[in-house]
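Asker: Take this structure, written in structure tokens, and hold onto it; I'll ask about it next.
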Amino acid sequence: MTETDALIDGLKRALRARGLTYAHVGKKLRLSEASIKRLFSKGGFSLERFEQACALAGTSVLELAKEAAKESEAVSQLTLEQERAIMRDRKLLLVAVCALNHLDVEDIVSLYQLSKADCVRLLLELQKIRFLELLPENKIRLRVTHTFTWLPNGPIQQYFKAKAQNEYFAAHFDKPAETMLLVNAMLTPQSIALMNSKLRRLANEMAELHEEHKRLRLGERKSVTLLLALRPWELQDFIDLRRVRRQSASSSAEGSEAAGSVHAPALALSGLFGTGES
């Protein structure tokens, strides 16, 4: 991502945080909505127009540049050693997740059985492994990007996966703030790749909303978890009912695998899950 792209992305987030649309920017800059969309998608802002849009979003070019610099230094994932260090202490994991959710020290202490001294101590431990930076007056600055994810199949993801089986899926998903969708389909490899791309975009959209809401008070936000999964899969109960197909003696091992993939296609499972208050 170029520096210009980073500034434009920062401006987009600042505008969304104020509930402003391209139409609002167009009115301010005296341009059509289509022209504004082109400016944001292809660049081409003059400095004067960019500053006007920043003023509308309640920010400045300097502030956006500072945010872009912080983002460029941040990481999108931790190392295996960093995740293992967090998993050694349940309270350390709790404070790490609270920091990701943009809770300050007062919020954490009011919600959980931690003293302020304990909370600060845990934050300092997270600072040692370069997960965050503890600033004066106990302000927290993350050293991870707003699209940060835990390591695939790493210690923290494995922990949440184990918890999900008994806690997350224990709900009926029938409340207003809950959704569970189970969709089976038979797709081509190209379509599966397309669906995976769409799921990643949805996860990024949620990360953007999370970032926009970080300045809201704790009572104005709810803890939610979105679980996205898609893989070729078939229920074992169905596999047990498959016909056994014999291969001719002349068939190669490669040919056998190909025949199996034709006669016993796997089902693609995708799940979209959301929760209400934690």
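Asker: Failed condition for Asp89, given (1) under 22 Å from the mean Cα position of the chain (by Cα); (2) of a type in the set (Asp, Glu); (3) at pLDDT 90 or above, with all others met?
Answerer: Going through (1) under 22 Å from the mean Cα position of the chain (by Cα); (2) of a type in the set (Asp, Glu); (3) at pLDDT 90 or above one by one, Asp89 breaks only (1).
Asker: For region 154-168, give me each residue that is in contact (Cβ under 8 Å) with a residue 24 or more places away in the chain and either touching a Pro at 6+ places or on another chain (Cβ under 9 Å) or not aliphatic (A, V, I, L, M) (or both). Walk me through how you get there before you give the answer.
Answerer: Narrowing region 154-168 to residues in contact (Cβ under 8 Å) with a residue 24 or more places away in the chain: 154-156, 159, 164, 168.
Answer for region 154-168, where residues must be in contact (Cβ under 8 Å) with a residue 24 or more places away in the chain and either touching a Pro at 6+ places or on another chain (Cβ under 9 Å) or not aliphatic (A, V, I, L, M) (or both): Gly154, Pro155, Tyr159, Tyr168.
Asker: Now a separate question. So how many residues does region 187-200 have that are part of a loop (DSSP other than H, G, I, E, B) and surrounded by 11 or more Cβ atoms within 10 Å (Cβ to Cβ)?
Answerer: Within region 187-200, the first condition is being part of a loop (DSSP other than H, G, I, E, B), and the residues that meet it are 187-188.
Add one more test, that the residue is surrounded by 11 or more Cβ atoms within 10 Å (Cβ to Cβ), and what stays is 187.
Result for region 187-200: 1.
Asker: Right, something else. Looking at this structure, is Arg16 among the basic types (Lys, Arg), in a helix (DSSP H, G or I), in contact with a Leu (Cβ under 6 Å, 6 or more places away or on another chain) and surrounded by fewer than 19 Cβ atoms within 10 Å (Cβ to Cβ)?
Answerer: Judged against the criteria, Arg16 is not a match.
The values are calculated or read from the model by the stated rules, or taken from the named source; none is laboratory data. Keep in mind it's a predicted model, so treat the numbers as computed, not measured. No Cβ is skipped: glycine too gets one built from the backbone with ideal geometry, and neighbour counts run over all protein chains shown.
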